[in-house]
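In what follows, a structure is listed as structure tokens, so that the remarks can point back to it.
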Amino acid sequence: MTAVPQKRLYIKTYGCQMNVYDSERMADVLAPLGYGLTDTPEGADLVVLNTCHIREKATEKTYSELGRIKELKLAKAAEGGVMTIAVAGCVAQAEGEEIMRRQPAVDFVVGPQSYHQLPELIARTHRALGQRLAADFAADLKFDALPAMRAVTGVTAFLTVQEGCDKFCTFCVVPYTRGAEYSRPVEAILAEAEHLAAKGVREITLLGQNVNAYAGEGGLAGLAQRLAKVPGIARIRYTTSHPRDMDEALIAAHGELDALMPFLHLPVQSGSDRVLKVMNRGHTGDHYLRLVERIRAARPDIALSGDFIVGFPGESDREFEQTLELVAQVRYAQAFSFKYSARPGTPAAALPGQVPEPAKEERLARLQDLLNEHQSAFNAAQTGRTLPVLFERAGRKPGQVVGRSPYLQPVHIEGPESLIGTIAPVHITQATRGSLTGRLAPEMAQDAMAIA
């Protein structure tokens, strides 16, 4: 029997983990239509650019990629084929009509709340009926309309529990592109977690633009407690958090819940109170530091990660130094840092005192040097310790497997692939800024060799 040719789907994902999750869901939605993922846009039947409006020059990168995809579309048409091009994600939400005007090769755009409508949009495109925009769909209906089951390819998975943002930081487009905060029902999240566990997932990362603003029964702490009872789920993480939503119940959960990993991404953005006020962050540097103290009191071994923006409009040399001072006090195990770049339509884009590019570059280099120093020191401090490692995949070298420590560090060891999906104690023997190397604890090494 000859198999029916599968339609080829190419999805290029930009930006955040939310977009990674959404790309997975788009693939799930399109699978019943016969679309299978391909690694290259050449010859694809459907190309989806899942865009992010947060990163620098995001819009320009989208249009540049669209120009390249247009040529592939023309080449396929010359051979008698059809390539459909869609733009999804936050750029689509913010600039949908402009995308259609500037690049006519795009067949439709779809906002973050409307991925369930992809089959209909594709059908309408093929029939040339003209409904080309779908960017105003309610978040709760989005989740209800998505397929209940997900394709799972590893032992870790993302699980969205919250979308949208009500904070309106002046540098950010998320409240405009993702809409108001919405929390999924607890039972829907538990059902998805149970499905993931049944497929072999051991660790889930709860996602949300403001994940700790989760407003379901019991808040994020209560949700984590219920997820920890799902058979098979051994580890729980969450990202991205906002300091304003870090309540006492969630802080306490870090000290009480073994499944909740001792790693917390808690963006601060700046150490200057004046800059934080202009950013509309709703907290001060001192509030953030006191919050860190309470978190570490509840879980002394917790590792912190953060986000930083340097060169925000009006930031003085002294205010940048205050950011360095805050970093020196917190000592992050990991961090993400960026030069400020104006997002059209955001309040900060119109602020006076835009910092010159050379000053932003110099500040970013100084900040990253300090952050890298702290990350290297944190990793080096793990040398000689024995850490529980969840093994995720085979390594690049023969006989090597790779996992993650509780602090999210990659850990490499020599061992059999039968370790994948298990959590085993690893004695750390070497550390770099980016990863750890170790060997199985002696008793585990014997067991592993016995079943290899």
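The values are calculated or read from the model by the stated rules, or taken from the named source; none is laboratory data. These numbers were taken from a predicted model, which means no experiment stands behind them. Here the Cβ positions follow ideal geometry from the backbone for every residue, glycine too, while neighbour counts run over all protein chains shown. Ligands, DNA and RNA are stripped out before the accessible areas are found, and what is left, the full protein with its side chains, is counted by its heavy atoms. Shrake-Rupley method; radii C 1.70, N 1.55, O 1.52, S 1.80 Å.
Over 19 Å from the mean Cα position of the chain (by Cα), at pLDDT 95 or above, open to solvent by less than 60 Å² (accessible area, probe 1.4 Å) and among the charged types (D, E, K, R): does that describe Arg281?
Yes.
Which residue pairs have Cβ atoms closer than 8 Å, lie 6 or more positions apart in sequence or on different chains, and pair a first residue in region 36-65 that is at positive phi with a second residue that is open to solvent by 20 Å² or more (accessible area, probe 1.4 Å) and at pLDDT 85 or above?
Qualifying pairs under 8 Å: Gly43/Arg8; Gly43/Leu72; Gly43/Lys76; Gly43/Gly81; Lys57/Ser341.
For region 257-272, enumerate the residues that are touching a residue at least 40 places away in the same chain (Cβ under 8 Å) and either among the aliphatic types (A, V, I, L, M) or open to solvent by 10 Å² or more (accessible area, probe 1.4 Å) (or both).
Passing the criteria: Met261, Phe263, Leu264, His265, Leu266, Val268, Gln269, Gly271.
Could you tell me whether region 73-80 includes any residue that is in contact (Cβ under 8 Å) with a residue 60 or more places away in the chain, outside any loop (DSSP other than H, G, I, E, B) and either over 21 Å from Cys16 (Cα atoms) or touching a Gly at 6+ places or on another chain (Cβ under 9 Å) (or both)?
Step one: list which residues in region 73-80 are in contact (Cβ under 8 Å) with a residue 60 or more places away in the chain, which gives none.
No, region 73-80 contains no residue that is in contact (Cβ under 8 Å) with a residue 60 or more places away in the chain, outside any loop (DSSP other than H, G, I, E, B) and either over 21 Å from Cys16 (Cα atoms) or touching a Gly at 6+ places or on another chain (Cβ under 9 Å) (or both).
Considering each residue of region 33-42, count those that are of a type outside the set (Val, Ile, Thr), open to solvent by 30 Å² or more (accessible area, probe 1.4 Å) and not in a helix (DSSP H, G or I), and give that number.
3
Which of the helices (runs of 4 or more DSSP H) found entirely inside region 284-388 contain at least 1 residues meeting this: among the hydrophobic types (A, V, I, L, M, F, W, C), farther than 27 Å from Met246 by Cα and open to solvent by less than 20 Å² (accessible area, probe 1.4 Å)? Full working, then the answer.
Values: elements: 285-298, 317-330, 357-380.
Filter on region 284-388 gives an empty set.
Can you pull out the strands (runs of 3 or more DSSP E) entirely within region 391-432 that have at least 2 residues that are loosely packed, with under 15 Cβ neighbours inside 10 Å?
423-431
Restricting attention to region 341-361, and to residues there that are within 17 Å of Gln269 (Cα to Cα) and at pLDDT 95 or above, which single residue is farthest from the chain's Cα centre (by Cα)?
Val355
Taking the residues in region 170-186 that are out of contact with any Gly (no Cβ under 9 Å at 6 or more places or on another chain) and not aromatic (Phe, Trp, Tyr) as candidates, determine which candidate is surrounded by the most Cβ atoms within 10 Å (Cβ to Cβ).
Taking region 170-186 first, the residues out of contact with any Gly (no Cβ under 9 Å at 6 or more places or on another chain) are 170-172.
Applying the additional criterion that residues be not aromatic (Phe, Trp, Tyr) yields 170, 172.
Values: Thr170: 18, Cys172: 23.
Looking at residues that are out of contact with any Gly (no Cβ under 9 Å at 6 or more places or on another chain) and not aromatic (Phe, Trp, Tyr), I get Cys172.
Restricting the search to region 83-105, which residues are open to solvent by 40 Å² or more (accessible area, probe 1.4 Å) and either without any contact (Cβ under 8 Å) to a residue 12 or more places away in the chain or under 15 Å from Leu121 (Cα atoms) (or both)?
Those that are open to solvent by 40 Å² or more (accessible area, probe 1.4 Å) and either without any contact (Cβ under 8 Å) to a residue 12 or more places away in the chain or under 15 Å from Leu121 (Cα atoms) (or both): Glu98, Arg101, Pro104.
Considering region 204-229 alone, what residues qualify as being over 26 Å from Val174 (Cα atoms), open to solvent by 10 Å² or more (accessible area, probe 1.4 Å) and out of contact with any Gly (no Cβ under 9 Å at 6 or more places or on another chain)?
Ala228, Lys229 - these are the residues of region 204-229 that are over 26 Å from Val174 (Cα atoms), open to solvent by 10 Å² or more (accessible area, probe 1.4 Å) and out of contact with any Gly (no Cβ under 9 Å at 6 or more places or on another chain).
Among the residues of region 2-25, is any open to solvent by less than 70 Å² (accessible area, probe 1.4 Å), of a type in the set (Gly, Ala, Ser) and touching a helix residue (DSSP H, G or I) at 6+ places or on another chain (Cβ under 7 Å)? Spell out how you get there, then give the answer.
Step one: filter region 2-25 for residues open to solvent by less than 70 Å² (accessible area, probe 1.4 Å), giving 9-16, 18-25.
Next cut, of a type in the set (Gly, Ala, Ser) only: 15, 23.
Now restrict to residues that are touching a helix residue (DSSP H, G or I) at 6+ places or on another chain (Cβ under 7 Å): none.
Checked region 2-25: no residue is open to solvent by less than 70 Å² (accessible area, probe 1.4 Å), of a type in the set (Gly, Ala, Ser) and touching a helix residue (DSSP H, G or I) at 6+ places or on another chain (Cβ under 7 Å).
Pick out the one residue from Leu49, Leu30 that is open to solvent by less than 10 Å² (accessible area, probe 1.4 Å) and either closer than 27 Å to Tyr340 by Cα or among the acidic types (Asp, Glu) (or both).
Just a single option satisfies the conditions, and that option is Leu49.
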